[in-house]
1. In region 74-130, which residues are within 23 Å of Asn6 (Cβ to Cβ), in contact with an Asp or Glu (Cβ under 8 Å, 6 or more places away or on another chain) and surrounded by 19 or more Cβ atoms within 10 Å (Cβ to Cβ)?
2. Pick from region 47-63 the residues that are modelled with pLDDT of 95 or more and open to solvent by less than 20 Å² (accessible area, probe 1.4 Å): which of them is farthest from Leu81 (Cα to Cα)?
3. Provide a single number: the residues in region 127-150 that are touching a residue at least 60 places away in the same chain (Cβ under 8 Å), assigned to a helix (DSSP H, G or I) and either within 21 Å of Lys106 (Cα to Cα) or out of contact with any strand residue (DSSP E or B) (no Cβ under 9 Å at 6 or more places or on another chain) (or both).
4. One residue is enough: does region 64-80 have a residue meeting the conditions among the aromatic types (Phe, Trp, Tyr), touching a strand residue (DSSP E or B) at 6+ places or on another chain (Cβ under 8 Å) and in a helix (DSSP H, G or I)?
5. Yes or no: Gly36 under 25 Å from His133 (Cα atoms), of a type in the set (Gly, Ala, Ser) and free of Cβ contacts under 8 Å to residues at least 12 places away in the same chain?
6. Of (1) open to solvent by less than 50 Å² (accessible area, probe 1.4 Å); (2) touching a Leu at 6+ places or on another chain (Cβ under 9 Å); (3) among the polar types (S, T, N, Q), Ser136 satisfies all except one. Which?
7. When you scan region 106-126, how many residues do you find that are under 19 Å from Ala58 (Cβ atoms), free of Cβ contacts under 8 Å to residues at least 60 places away in the same chain, not in a helix (DSSP H, G or I) and not polar (S, T, N, Q)?
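The values are calculated or read from the model by the stated rules, or taken from the named source; none is laboratory data. Keep in mind the model is a prediction, meaning the values are calculated, not measured. Cβ sites come from the backbone with ideal geometry, for glycine too, and all protein chains shown count toward neighbours. Note: areas computed on protein heavy atoms with side chains; ligands, DNA, RNA excluded. Shrake-Rupley method; radii C 1.70, N 1.55, O 1.52, S 1.80 Å.
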Amino acid sequence: NSFIGNAVLKARAATLSSGHAALADDSGLSVAGLGGAPGVYSARWAGPNRDFDLAMTAVRQALRKANSNDTRAKFICALALAWPDGHTVSVEGKVEGVLTFPPRGKKGFGYDPIFQPYGHDVSFGEMEPEAKHAISHRADAFSKLMTCCFTKTSHG
């Protein structure tokens, strides 16, 4: 029922199956005006054919139905690294912004055309991939994981 929970579940399953350390993720879009939805169900809002035009329309319709003008949103990425001995480390990264309608841009994927990160005047769908990746929720999560697991500390 959470991004972290889903990532941990996936990582532990892969570790149990392989006998090796495993890295897994879960990610999605959280909209303030929808109480955090679509959240962990972000892909499901796109239907069985993963039609994100349908999903973006569903988000807009849900905001209208909720009579909400709160378009604050964030992309969240959870990463979990699990070891065969049962030890697991998990982190969560995010990038915050607002939703913009109609969708803009053909770059990226998923909900990118309706998400405009704070401090930028273009949507993720319009942003060059290198620029998006530098500020994305995945970049944030990987940075946190690297710091947590692979940075020397004063006692290590």
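1. Answer for region 74-130, where residues must be within 23 Å of Asn6 (Cβ to Cβ), in contact with an Asp or Glu (Cβ under 8 Å, 6 or more places away or on another chain) and surrounded by 19 or more Cβ atoms within 10 Å (Cβ to Cβ): Lys74, Ile76, Cys77, Ala78, Leu79, Ala80, Gly93, Val95, Phe124.
2. Leu63
3. Counting residues in region 127-150 that are touching a residue at least 60 places away in the same chain (Cβ under 8 Å), assigned to a helix (DSSP H, G or I) and either within 21 Å of Lys106 (Cα to Cα) or out of contact with any strand residue (DSSP E or B) (no Cβ under 9 Å at 6 or more places or on another chain) (or both) gives 2.
4. no
5. Against the criterion (under 25 Å from His133 (Cα atoms), of a type in the set (Gly, Ala, Ser) and free of Cβ contacts under 8 Å to residues at least 12 places away in the same chain), Gly36 qualifies.
6. (2)
7. Adding up the residues that qualify gives 4.
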